[in-house]
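What follows is a single structure, written as structure tokens, with notes after it.
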Amino acid sequence: MADPTTYRPRTGEIPTEPGVYRFRDEHRRVIYVGKAKNLRSRLNSYFANPGSLMPRTRAMVYTATSVEWTMVGSELEALQLEYTWIKEFTPKFNIMFRDDKSYPYLAVTMGEKFPRAQVMRGERKKDTRYFGPFYPAKAIRETLDTLLRVFPVRTCSKGVFNRAQRTGRPCLLGYIGKCSAPCVGWISEEDHRALAEQLCTFMSGEPKPFILRLEKEMARAVEELDYETAARVRDDIAALKRVFERNTVVLPEDTDADVFAIEEDELEAAVQVFHVRGGRIRGQRGWVVEKVEETSTPELVEHLMQQVYGEGDISNNDIPREVLVPVLPSNAEHLSVWLRGLRGARVDMRVPQRGDKATLMQTVAQNAADSLRLHKSKRAGDLTTRSAALQELQAALDLPVPLMRIECFDISHVQGTNVVASMVVVEDGLPRKAEYRKFNITGDAARDDTASMYDVISRRFRNYLRDKDAAAEVESRESPIDGVDGLADTVMADTTTPTSSRKFAYPPNLVVVDGGKPQVAAASRALGDLGVHDVFVIGLAKRLEEVWVPDSEFPVILPRASQGLFMLQRIRDEAHRFAITFHRQKRGKSMTESVLDTVPGLGPARRKALVKHFGSVKKLRAATVAELQEVPGVGPALAAEISGRIGPGAEEPAAVQLNTATGEVSDS
């Protein structure tokens, strides 16, 4: 770890204006972004007495090796720049309130010929009606399944819809009455669109007309002694009422608001939010975060607003008219201006004092308190176990550095064909799936496992060295303004080449390979040939689960009940899962391509169109000449050639004979 005194800027060099600052580690990765009204005062607080800082802040200061800042004209500009950099660099020590998923909505694609109802996330599309947000997604899926009893609109994908049109047979939902099956003409285009409009009207908060209509229909059926119809309509009425019972009415129908509450202690904070739309609770969401600094509740609210409603991550329509918070942030005026700019209309951020909104706030606060309590009871065991496992591994392997980042590599193939490799990443004992990588291996590197391992390790760390050199070049182009190298307000050239785009810029402390002594020797040789000497290598052999280290005649044997061994096994198994999944995808694709390669005159574009149209080789083989001609670019002559080569009755090409006992592809 770095000594903060080695990179502490001189007090007189730090400006007293508002600005945004960034801490970087030894690999030039941004690990923390913050803003301040007075840069000098804020930065000096990190270095005055590092030992007295909060644990996570102290870890950040000792992990960093440099600090830099940029002055801005106002607090509003600082707010915007801070959020931009947090989003760009995703610093590991910043408070992050959001997960990697956007809110789920019930969407009806009114722009299509036959509108489709579905649960959607992410960016909004044109000519699509959205209702929500709902959370969790299971709730809206159950709601949609219930609504299909009364409004049996299409829910299938375009591929399923087109296939049903070709075959003249609807899917299962059509047969059980949860789809009106416009694909086979059971309902006209106009009537199906009317059904979709009724669904939208119902979800807009107007259920009474539909319930009244169904009640009259039920009464009429009873009068006519048609009890079966009456029972079915009765169940439909119950389904509609059940949908609205799930979304409790808590506020007037014209209320659109997000209600936030925070429960915190010295180290962590739990946040809960209720989404109220049309006076009803449409969804609930929560996070638990670690504090990096001695963050006050107003500062937590500021970070919360900044990240939840940040530009580019949430649609303007998702920002409600009212945002109810437990306390107002110190810069509430600037935040309101910022939110107004994102929404394009006024956003009222306030603390409810009395009435129904204050009562709802108390309910949200109770949920936040319970969330923090449950989190602490679970995390105590998880954190202790992970820390013990990492410390045990470090001690058993006699490593001088803590294992902050571990990367594991695995090779997958079938008798030397379709050779691939995987790289999985674990930081602080937890998987970082966004940083997993897949490798194709070809040529001489695919001749055996050791050659493949050498190739993969070489490629991974060659990319690391390239990105490291690129970062150093960018750093050298940064142009200081006030004459203080690397410390004063600078023109940040690397904002055009963000760290997030450099996929291999951050090296691990430990490389784990799936295999024994030969694989470890190959990985170690690859690192040595590249001049990388600060990354340690081990191998985990499957047979006896022994741990091999370079240049050792004997393996390290960890106790069978060792937490360190359990962690290595989990990492190895995850790498194996990731590699074999990629291998199966590649093998399936190569089998499809091998079949179609035997057809003369069939180029890559038409092969891709055929696979996309039919979905599998089996369905492609069963297709008639007429069905083949439905694919764009396939005429009568080519369709006849395809059918003759791979259709019913044609001999299976030797290149794709499949051993059903082993699942292996054979060339014989």
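Extension gain, Ala395 to Ala48: 0.36 nm times the residue separation minus the Cα-Cα distance gives 121.6 nm. Legend: distances between Cα atoms for Lys158/Lys433; Lys178/Lys608; Lys92/Lys468; Lys468/Lys586; pairs beyond 23 Å are Lys158/Lys433; Lys178/Lys608; Lys468/Lys586. Per-residue SASA remark: Arg232, around 120 Å² accessible (1.4 Å probe; ligands, DNA and RNA not included). Based on the Kirkwood radius over alpha-carbon pairs, what is the Stokes-Einstein translational diffusion coefficient of region 413-466 at 37 °C with 0.692 mPa s viscosity, in µm²/s? Stokes-Einstein gives a translational diffusion coefficient of 270 µm²/s. The packing ranking, built from the mean of other Cβ atoms within 10 Å per residue, places the peptides 196-202, 3-9 in the order 196-202, 3-9, highest first. Peptides 216-223, 75-82 ranked from most to least packed, by the mean per-residue count of other Cβ atoms within 10 Å: 75-82, 216-223. Net charge of the neighbourhood of Val631, taken over other residues with C-beta under 11 Å away and scored Lys/Arg +1, Asp/Glu -1, is +2.
On the basis of the beta-carbon distance and an R0 of 45 Å, Lys438 and Glu112 show a calculated FRET efficiency of 0.85.
Available extension along the chain between Asp370 and Gln165 is 68.7 nm, counting 0.36 nm per residue and deducting the alpha carbon span.
Taking all protein chains together and a 1.4 Å probe, the residues Tyr175, Tyr309 rank Tyr175, Tyr309 from largest to smallest accessible area. Accessible area of Arg166 (1.4 Å probe, protein heavy atoms only, ligands and nucleic acids ignored): about 90 Å². Rounded to 0.05, the FRET efficiency of the Ala626 and Arg149 pair, given R0 = 45 Å and the Cβ-Cβ distance, is 0.75.
Modelled this way, with points 7 Å down the Cα-to-C-beta line, the labels at Ala388 and Ile580 are 3.0 nm from one another. Modelled label positions at Asp551 and Arg350, each set 7 Å beyond Cα in the direction of Cβ, lie 7.2 nm from each other. Annotation for Met404 and Ala640: the two label points, set 7 Å from Cα along the Cα-Cβ direction, are 6.9 nm apart. In plain terms, the chain from Thr84 to Asp534 could stretch by 158.7 nm, reckoned as 0.36 nm per residue minus the Cα-Cα distance.
The values are calculated or read from the model by the stated rules, or taken from the named source; none is laboratory data. Keep in mind the model is a prediction, meaning the values are calculated, not measured. Here Cβ is always computed from backbone atoms with ideal geometry, including for glycine, and neighbour counts include all displayed protein chains. Heavy atoms of the whole protein, side chains included, go into the accessibility calculation; ligands, DNA and RNA do not. Shrake-Rupley method; radii C 1.70, N 1.55, O 1.52, S 1.80 Å.
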